[in-house]
Amino acid sequence: MNRRVIADPEFAVRVAQDPIEVDGAPIGKAAAVYLIMNKPRGLVTTASDEKGRKTIYDLLEPGAPWVGPVGRLDKASEGLLLLTNDSEWAARITNPASHLDKVYHVQVDCVTDTDLIARIKRGCKVDEDYLCAREVSLVRHGDKNSWLQITLDEGKNRQIRRLLEALGVQILRLIRISIGPLALGELKKGTVCSLTAAEKQAVDQALQ
């Protein structure tokens, strides 16, 4: 780079300004990749796992360009997950200042009433974090459990699980159904596809 040999793979460069060569061949910025995945339950959101568990990367085509997850879904969670090699775009989505809504359908082990909904919205302090939901509504209920729709506009670690656990509620399933204007829709479980130009533009507009 600029007539210097750099051996540090984490060395910061200005792609638009610094000419870079590898073994004498010039290289440039990789084409941006934006993917949407319907993550199944049981996969971990990491490139490799020390316990040998299956990861979200097992769903990608062999030889596909490198992409990283935009935020995370834990092993027991499922639903909409974005992946990209555009780190600036990913940081804007995960930045709490963006207030981009993330909507979840959550099955809980009790019949939900208005009091519980109010307590979830009001929130509580868990460890050093104050956790709450921006919106909560009842989707449906049976004799012993309920489905809630919970909307967050920030992304603290395992926010919904920690909050409901603190309120004495057990989560049976947790599915992220949308991020901003992007909805899971009819995307089948385990499927990965590229965002359309219109979907990418809609996210960019929501981030403005």
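Throughout, read-outs are computed from the coordinates displayed, never taken from laboratory work. All values derive from a computational prediction rather than experimental measurement. Every residue, glycine as well, gets a Cβ built from its backbone with ideal geometry; the counts of neighbours run over all protein chains shown.
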Given the options ALA30, ALA183, ALA47, state which has the largest fluctuation in a GNM of the chain using a 10 Å cut-off (strictly under) for Cα springs.
-> ALA30
In whole angstrom, how long is each semi-axis of the equivalent ellipsoid of region 101-179, when you take the square root of 5 times every eigenvalue of its Cα gyration tensor and sort them from largest down?
-> 18, 14, 11
Under the 7 Å Cα-to-Cβ spin-label approximation, ALA64 and ASP115 lie apart by a distance in nanometres of 4.7 nm
So, with +1 on the Cβ of K and R and -1 on the Cβ of D and E, and no other charges, what is the size of the charge dipole of region 118-208 about its Cα centre, to the nearest 20 debye?
-> 360 debye
What net charge do the residues around ALA166 carry, taking every other residue with its C-beta under 11 Å from that of ALA166, with Lys and Arg at +1 and Asp and Glu at -1?
-> +1
Ranked SER194, SER178, SER146, criterion: other C-beta atoms within 10 Å, fewest first = SER194, SER178, SER146
By count of other Cβ within 10 Å, fewest leading, how are GLU78, GLU88, GLU199 ordered?
-> GLU88, GLU199, GLU78
Given ALA197, ASN157, VAL106, which one lies farthest toward the positive end of the charge dipole of the chain, if we put +1 on the Cβ of every Lys and Arg and -1 on the Cβ of every Asp and Glu?
-> VAL106
Under Stokes-Einstein, with the Kirkwood radius over Cα pairs standing in for Rh, what whole-number D in µm²/s applies to the chain at 4 °C and 1.567 mPa s?
-> 68 µm²/s
